[in-house]
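The values are calculated or read from the model by the stated rules, or taken from the named source; none is laboratory data. Note that the structure is a prediction, hence the values are computed from the model and not measured. Cβ placement follows ideal geometry from the backbone for every residue including glycine, while neighbour counts extend to all protein chains displayed.
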Amino acid sequence: MTSEQIDEKRLREALAILKPNGELFEVRMLGKRKAQTYSGYFVDADTAVEQIKKIDDAVTVYFTLHDIKPECYAREQCDRMIKNPGNTTSDTDIMGYSWLFVDLDPKRSAGVSSSNDELEASKKLAMDIVPFMTSLGFEEPIVSMSGNGYHLLYRVELANNESNNKLIKDCLTVLDQTFSNDKVEVDTANFNPSRICKLYGTLAQKGTGTKERPHRMSYIVQTPQVLKATDKVYLEKLAAMLPQEQAPAPYNGYNPKAFDIEEWLSKYSIGYSRKLNHDYTKYILEQCPFDSNHKAPDSMITVGNNGAIGFKCLHNSCQGKTWHDVRVLFEPDAYDKAVRSEADDNRINEGWKEHKAKYARDIEIEYPDIEPEDDLYALEPETKVEHEGFLTAKQINAIPDEIEDYIPTGITMLDDRLHGLKRGMVTLVSGLRGGSKSTLLSNIALNAIDKGYNVMAYSGELTNKNFMKWTYLQACGKTFVKPSQRYHNYWYVPDEYKRRVAEWMGDRFMLYNNEYGNKYEELKKRMLAVIKEQKTDLVILDNLMILDIDALDERANEAQKKFITELTMIAKATKVHILWVAHPRKAQGFLRLDDVLGSTSLASLTDNAIIVHRNNNDFKRLTAEMFRWQQDNPIYSGTNVVEIAKDRDNGTQDVFIPLWYEPESKRLKNSASENISFGWVRDEDMIPDEWKEEDDT
């Protein structure tokens, strides 16, 4: 090939990035005449470049992306290009997938190069896909220009088997259904293991090069500073977005294929435009059902030929929304489940605000001492109906119903079982040291802030700076934290993101200043002032062992009793929820609630109790002994486990919830693939900085 057909610097750069450790790869060159193919197997760039340059009648140069079996190196074309060899790389020659190959191919007549406008359309689609993938949890891709369109190469590490073949195919199908348009489509054929890709640094020569449709040199546009493999769980998360065929059920008249989506859209006056495909129909909505600011083409409903229906919106705030959510939004009883209406939510919301406003006036900064034997309901006079010490059923009916509202924790199964953190209640959180209690609490705090609640926290063990360092990591998540160049397995948050997170939190978050000491009476005085002025919803006290509660009683057990009782009184009077932490005493086996407070009477004073466990060998051994769990129990799949040890309202206990710890962000996640974006994140934050700079210029 001539110097006009090959850019040695870019070609060597591409091989250094894509095959950095001497991996075996095949170069395949298509000749000017049909059925004329050259092939060679190489393990180094120097030999490959020299051999490629020797072929003067080739038009296009490709190479294999994935891991080839080492024995293929012994074929006749070892370290040289052979014309029409007996064997080239087949699917069975591939050991595993190295990349998720997303090829954004401009639509045009066969056998011609793309125009500049078509190339730009491909680039624009790449810029739409990258933020979407990043929001799901995918690592940064290699971005390449093939000469006619753009490629996104996501590093993966997957064995070559039937299951992973389907996984890759489903991922490409989801991207096709979501992003393909009239100008550019996602090539869904690139799922087979032996797939070849343009060898970057060589000229793309489809048809005759003209001014309108020129031949262009392919090259790698950008590479991440640290190229990381995306975990399989995120590919599974993407593939799960493929609409699933619905089973016959009452909500679809026992005939899923007969459900008329266009009639449904018309019924609820949902504007759309329709695009047909050979195996599905896409309905691009004029605006997202969940946020009218999300305009077309960002939200869509797809309907497969098999009747499967799916929904996607490309904005962060709508991540995780499904067709089920859309249907319930317009038809709350569509799936025969009781759904609390927005009117109910507003009524409850206004109710607790009114309740808090009423009692906030009655709370004095100098909070009165409360003896444990005092009536716990003394601060709720409207519910106190006395008749010689007893109440009739009629009198009970006359008592106003308690206003129930719950602060979501963000831990899905916990919110499902407890409904969240009920206002006016107190929850004990405990666990062995290193079990991630504080991590769980900051997780809950950030989720509450994100949902619009006000949070106050006391952290006796951490300095204010260290507390916020941890919180910033969790607020940013793996997408926005940066790896330290100095320390191994250490991540930090850039100052710009810290500033934006702090602005997002605003006055909704208040952290007690530890310079005021650890005396409970001082903390209580200032805590009550903040609750009254800030209209606090959630209070976090971490932890009892650091707090000096001696002023309550010289006897440790009585002091703890008074402390818990006071927390209960404050929670009931102000309708806040209080989370407080207590380290356990030395447990002689599997940690139970009585190991924490030392007596059943103290445990009975708190409304709820949660124990956080680390899923280590001791946990597995002790739970296997106590509960007879098998080693394949799903609870063992996580890195940590949250146990509901007490639930006053519902009686739930011995419920174990697996969670997944993410080292980069210090988050505890509902699933290994969860990647939440809190409210400070903007959609444009997902666009690579290099592209932003290019747009600015």
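Quick notes on this structure:
- Residue 573 being closer than 26 Å to residue 647 by Cα, in contact (Cβ under 8 Å) with a residue 40 or more places away in the chain and touching a helix residue (DSSP H, G or I) at 6+ places or on another chain (Cβ under 6 Å): yes
- Conditions (1) part of a strand (DSSP E or B); (2) over 26 Å from residue 614 (Cβ atoms): number failed by residue 400: (1)
- Residues of the range 215-226 classified as in contact (Cβ under 8 Å) with a residue 60 or more places away in the chain and surrounded by fewer than 16 Cβ atoms within 10 Å (Cβ to Cβ), total: 3
- Residue 596 being under 21 Å from residue 419 (Cα atoms) and either part of a loop (DSSP other than H, G, I, E, B) or touching a strand residue (DSSP E or B) at 6+ places or on another chain (Cβ under 9 Å) (or both): no
- When each of 462, 544 is tested for being in a loop (DSSP other than H, G, I, E, B), touching a Phe, Trp or Tyr at 6+ places or on another chain (Cβ under 7 Å) and farther than 30 Å from residue 134 by Cα, the lone residue that passes is 544.
- Annotation: residue 200 fulfils all but one of (1) out of contact with any helix residue (DSSP H, G or I) (no Cβ under 7 Å at 6 or more places or on another chain); (2) in a loop (DSSP other than H, G, I, E, B); (3) modelled with pLDDT of 95 or more; the unmet one is (1).
- Residue check for residue 571: over 29 Å from residue 668 (Cα atoms), of a type in the set (A, V, I, L, M, F, W, C) and assigned to a helix (DSSP H, G or I): no
- Residue in the range 159-166 that is in a strand (DSSP E or B), assigned by TED's automatic domain parsing to the domain that holds residue 57 and surrounded by fewer than 21 Cβ atoms within 10 Å (Cβ to Cβ) present: yes
- Subset of the range 385-405 that is among the charged types (D, E, K, R) and over 29 Å from residue 577 (Cβ atoms) - its residue that is modelled with the lowest pLDDT: 388
- Any hit, the range 176-185, residues being part of a helix (DSSP H, G or I) and surrounded by fewer than 16 Cβ atoms within 10 Å (Cβ to Cβ): no
- You will find that of 659, 622, 591, the residue that is in contact (Cβ under 8 Å) with a residue 12 or more places away in the chain, within 20 Å of residue 412 (Cβ to Cβ) and not β-branched (Val, Ile, Thr) is 659 and no other.
- Conditions (1) under 21 Å from residue 430 (Cα atoms); (2) touching a Lys or Arg at 6+ places or on another chain (Cβ under 9 Å): number failed by residue 568: (2)
- Within this structure, residue 143 passes the test of being under 15 Å from residue 222 (Cα atoms), assigned by TED's automatic domain parsing to the domain that holds residue 200, outside any helix (DSSP H, G or I) and at pLDDT 95 or above.
- Candidates in the range 113-140 are the residues that are assigned to a loop (DSSP other than H, G, I, E, B) and under 21 Å from the mean Cα position of the chain (by Cα); of these, the one that is surrounded by the most Cβ atoms within 10 Å (Cβ to Cβ) is 138.
- Selection status of residue 96, surrounded by fewer than 22 Cβ atoms within 10 Å (Cβ to Cβ), touching a residue at least 12 places away in the same chain (Cβ under 8 Å) and over 40 Å from the mean Cα position of the chain (by Cα): no
- Consider the range 281-335 and keep the residues that are of a type in the set (Lys, Arg) and over 21 Å from residue 677 (Cβ atoms). The one that is surrounded by the fewest Cβ atoms within 10 Å (Cβ to Cβ) is 327.
So that you can scan it fast, the table gives a plain yes or no per residue for (1) in the same structural domain as residue 614 (by TED's automatic domain parsing); (2) more than 23 Å from residue 137 (Cβ to Cβ); (3) at pLDDT 95 or above; (4) in contact with a Pro (Cβ under 6 Å, 6 or more places away or on another chain):
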| residue | (1), (2), (3), (4) |
| --- | --- |
| 438 | yes, yes, no, no |
| 444 | yes, no, yes, no |
| 456 | yes, yes, yes, no |
| 459 | yes, yes, no, no |
| 465 | yes, yes, no, no |
| 492 | yes, no, no, no |
| 504 | yes, no, yes, no |
| 516 | yes, yes, no, no |
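- Some residue of the range 534-541 being at pLDDT below 90, at positive phi and either touching an Asp or Glu at 6+ places or on another chain (Cβ under 9 Å) or assigned to a loop (DSSP other than H, G, I, E, B) (or both): no
- Residue list for the range 484-501, restricted to those being in contact (Cβ under 8 Å) with a residue 24 or more places away in the chain, over 20 Å from residue 673 (Cα atoms) and over 19 Å from the mean Cα position of the chain (by Cα): 498, 500
- Restricting the range 16-48 to residues that are touching a Leu at 6+ places or on another chain (Cβ under 8 Å) and in a helix (DSSP H, G or I), the residue that is surrounded by the fewest Cβ atoms within 10 Å (Cβ to Cβ) is 17.
- Qualifying residue in the range 83-100 (condition: in the same structural domain as residue 191 (by TED's automatic domain parsing), charged (D, E, K, R) and closer than 28 Å to residue 186 by Cα): yes
- Checked against the criteria, residue 299 counts as polar (S, T, N, Q), at pLDDT 90 or above and not assigned by TED's automatic domain parsing to the domain that holds residue 185.
- Scope the range 634-686; condition assigned to a loop (DSSP other than H, G, I, E, B), surrounded by fewer than 21 Cβ atoms within 10 Å (Cβ to Cβ) and among the charged types (D, E, K, R); matching residues: 648, 649, 654, 664, 682
- Residue in the range 89-112 that is over 25 Å from residue 228 (Cβ atoms), hydroxyl-bearing (Ser, Thr, Tyr), out of contact with any Asp or Glu (no Cβ under 8 Å at 6 or more places or on another chain) and part of a helix (DSSP H, G or I) present: yes
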